[in-house]
Each structure stands twice: as C-alpha cells, then as structure tokens.
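**Q** First, the structure itself, so that you have it in front of you.
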Amino acid sequence: MLRNILLFTSAVEAGTGLALMVNPALVARLLLGADLAGSGVPLGRCFGIAILALAVACWPTSARAEGGSPPVRAMLIYNGLVAAYLAYLGTAGQFDGPLLWTGVALHVVVALWLAYAWLHAKRDIGDTG
C-alpha cells in the first residue's frame with residue numbers, strides 16, 4: 001500500500017513540478033487565483049524544479065539496481081536544472097543579482113560531483129554483479 005501511495009504522490013508532484021517549470025503564472029492563477037509579478041516567475045520555476053526532484057526522490061524503486069539512491073538522482077536533477085535555469089536568466093539579461101553567478105557555479109559543481117559519484121556507484125555495482 002505504501003508503494004502505491006508513493007507512486008501516486010510522486011506522479012502528482014512530478015506533474016505539478018513540470019507545470020511550474022513550463023508556466024508558473026498559470027499554476028499560480030489556478031491554485032491561488034493570483035498573478036505572479038517580477039521575480040515570481042523565475043522563483044516559481046525554481047520551485048517546480050525542486051518539486052520534480054522531490055518526486056524523483058520519492059519514486060519507489062530499487063536504488064541498488066539502478067546504481068544510485070533516489071536522493072542522489074533527485075539532487076543531481078535539482079542542481080543540474082537550477083544551474084541551467086539560473087545561467088539562462090543571467091545570459092538572457094532578465095536578472096543579475098550579485099550572487100547569481102556564484103549560485104550557478106555552486107550548482108554546477110555540486111551537479112558534476114553528484115554525477116561523478118553516481119557513475120562510480122553504477123560502475124562499482126556492475127563490478128560486483
């Protein structure tokens with residue numbers, strides 16, 4: 001029963017996360033009956049990325065068979081997508097806070113570190129099988 005609940009909630013949250021990534025203003029209008037202004041759209045997209053990562057972490061699966069734990073996959077997705085999105089915002093010239101590029105760099109480094117660890121975990125499991 002717990003597996004079914006996790007499947008259901010993960011699917012719903014993944015859908016919500018994707019919807020926020022694509023059109024956060026529409027989601028805000030449908031859920032809250034309000035419009036997003038200024039930095040609300042990019043923050044809504046970042047929230048969508050975080051919800052998608054949470055859904056990946058909660059998706060019931062055999063972590064050992066996939067060579068990495070769900071939290072590792074989720075954090076990899078989160079850091080990779082947030083780094084890409086923040087870099088897009090910086091290069092498109094829409095936003096330029098003093099910590100924007102520091103945030104991009106931090107998320108890139110963490111994503112690369114997680115990808116390296118995940119690939120090595122997959123390799124190690126393949127060696128023992």
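**Q** From the list 57, 37, which one is modelled with pLDDT under 95 and in contact with a Lys or Arg (Cβ under 8 Å, 6 or more places away or on another chain)?
**A** Just one listed residue meets the conditions, 57.
**Q** Let me ask something else. Cβ-Cβ distance below 7 Å, separation of 6 or more or different chains: which pairs start in the range 7-32 with a residue that is of a type in the set (Asp, Glu) and end on one that is open to solvent by 90 Å² or more (accessible area, probe 1.4 Å)?
**A** If the second residue must be open to solvent by 90 Å² or more (accessible area, probe 1.4 Å), the pairs left are 13/54.
**Q** Among all residue pairs at least 6 apart or on different chains, which show Cβ distances below 7 Å where the first residue, located in the range 82-94, is within 21 Å of residue 23 (Cβ to Cβ) and the second is open to solvent by 60 Å² or more (accessible area, probe 1.4 Å) and part of a helix (DSSP H, G or I)?
**A** The qualifying pairs are 85/45.
The values are calculated or read from the model by the stated rules, or taken from the named source; none is laboratory data. Not measured: the values here are computed from a predicted model. Note that we place each Cβ from the backbone using ideal geometry, even for glycine, and neighbour counts take in every protein chain shown. Note: areas computed on protein heavy atoms with side chains; ligands, DNA, RNA excluded. Shrake-Rupley method; radii C 1.70, N 1.55, O 1.52, S 1.80 Å.
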